[in-house]
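The values are calculated or read from the model by the stated rules, or taken from the named source; none is laboratory data. As the structure is a computational prediction, the values presented were derived from the model and not from experiment. Quick reminder, even Gly has a Cβ in these numbers, built from the backbone with ideal geometry, and neighbours come from all protein chains shown.
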Amino acid sequence: MKHICFILIITLITACGETKKNDSNQTDEAEKTNLISNNIDFYKIDLETYTESQSINAASKRIELLKKMGIEAVIINPLKTIGKGNTNESFELSSHDTKEELTKYIDKCHNLDLKVILQWPEKEMINSKSLSNQIESLLKIFKFDGIEFDKKTKIDATGSEQLNQLANAKKLFIIVNEKNSSRNLFTYSNIQTETTNNTNFSEYLKSVIQLAVKTPSSQKVINTTSITHFDSLFQQNEQAYLLHSAIVFTLPGYAMMKAGDENGFDKYLVLNGQKWIDWAELKYQNFYNELNKAKSEYPTLSGGTSNINMKVIETTDDNVIGFIRSIDKKHVSLTLSNPSDKKVKFRIKSIPVGYYKNIFSPEEFLYDETIHIELSPWQSKVFLKVKHTINKDQ
């Protein structure tokens, strides 16, 4: 089970080419200087569980569905070894794949405006002296957009500097662990240390949200998968998992889905004795479609945080966790969650007056401090402010 993580992201892509349409006016001078992309939604694929054949060719049949779901960058693991980088053929793919199939996969993704990030092989040693050569040699064969190093992979200062220069020169997405943080690199920063086996789910969510308030940054991404302490909760109650995902997608930063999230909590595979994802029933496909669509279309849910304020809101029920992100009184998003097994009915103490619409349903409400909101057990609702001016005759 993968741990939930924050990813600090800084890229060297041009702002006009990579920012989504509603975010273009939300980029401040600091972000323009660093050329940060305002919205990148990642989708991480493990070919061993993605399809029964475990091949890149089979995975290519699902590319259009990823695009429709709002994904912008695919992280995938066809590489078995990379080699020393002395020749253009110093690599090895998994036994299920060929050079031609990987090339076709990358081309198909690019035709749909999807980025492709290759995972560094787990058992491949890092040689700082040849690291840059290894990646450049691979680039001569495959026109990929980045490399991801597992957060456990150790890279020394020399290797980190090489990667930094390579990201700058080739405009690559390069993902490393937090210790290798540099202006031109994506970096993992784990919050695992903030939780213990005694931390309950509600406390954990509150700590994540408080951290986002204290350190609002467009460079953060939260993984949709949980940390180990809550595996048993998610195995028993997938609604708690979906509540977690709704918060992930509406916090500042960028969401990273794991392949199979559309089909439910990833332990679902183990519980049913399967070795690969069964794509026959995508029970949460629409859920993620709506989240990705909302992030794309509404500036207050975008990855970038320029001119976007975030604050925790107070309600009349202590079980409810809520926060808003706002640009001004007209542009507001509201996330409300009930991480408990009891239905709650409550009032919100103070948010900008106006009409709010649920992104998952036709539900709307006109806010004032007397209005009551209901949440079912383990339910999360995401509202967007759709109207600011109030007709006094209504």
> Going through segment 150-171 one residue at a time, which ones are over 16 Å from LYS80 (Cβ atoms), within 20 Å of the chain's Cα centre (by Cα) and free of Cβ contacts under 8 Å to residues at least 40 places away in the same chain?
Replying inline: LYS152
> Do the conditions hold for GLN285, that is, is it modelled with pLDDT of 85 or more and surrounded by fewer than 18 Cβ atoms within 10 Å (Cβ to Cβ)?
Replying inline: yes
> Restricting the search to segment 310-349, which residues are in contact (Cβ under 8 Å) with a residue 60 or more places away in the chain and either part of a loop (DSSP other than H, G, I, E, B) or not small (Gly, Ala, Ser) (or both)?
Replying inline: MET310, LYS311, VAL312, ASN319, ILE321, PHE323, ARG325, ILE327, THR335, ASN338, PRO339, SER340
> Only one of these conditions is not met by TYR356: (1) at pLDDT below 90; (2) touching a Lys or Arg at 6+ places or on another chain (Cβ under 7 Å); (3) closer than 15 Å to PHE383 by Cα; (4) not charged (D, E, K, R). Which number is it?
Replying inline: (1)
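For segment 358-383, which positions are in a strand (DSSP E or B), out of contact with any helix residue (DSSP H, G or I) (no Cβ under 7 Å at 6 or more places or on another chain) and within 27 Å of PHE201 (Cα to Cα)?
If we filter segment 358-383 for residues that are in a strand (DSSP E or B), which is where we start, we get 358, 364-366, 372-375, 380-383.
Now restrict to residues that are out of contact with any helix residue (DSSP H, G or I) (no Cβ under 7 Å at 6 or more places or on another chain): 358, 364-366, 372-375, 381, 383.
The answer is ASN358, HIS372, ILE373, GLU374, LEU375, LYS381, PHE383.
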>> Return the residues of segment 247-265 that are more than 11 Å from the chain's Cα centre (by Cα) and under 16 Å from MET69 (Cβ atoms); say none if nothing qualifies.
In response: ALA259, GLY260, ASP261, GLU262, ASN263, GLY264
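If you scan segment 239-275, which residues turn out to be in contact with a Gly (Cβ under 8 Å, 6 or more places away or on another chain), assigned to a helix (DSSP H, G or I) and at pLDDT below 85? Write out each step before concluding.
As a first pass, look at segment 239-275 and keep what is in contact with a Gly (Cβ under 8 Å, 6 or more places away or on another chain): 241, 252-254, 266, 268-269.
So of that shortlist, the ones also assigned to a helix (DSSP H, G or I) come out as 241, 268-269.
Passing the criteria: TYR268, LEU269.
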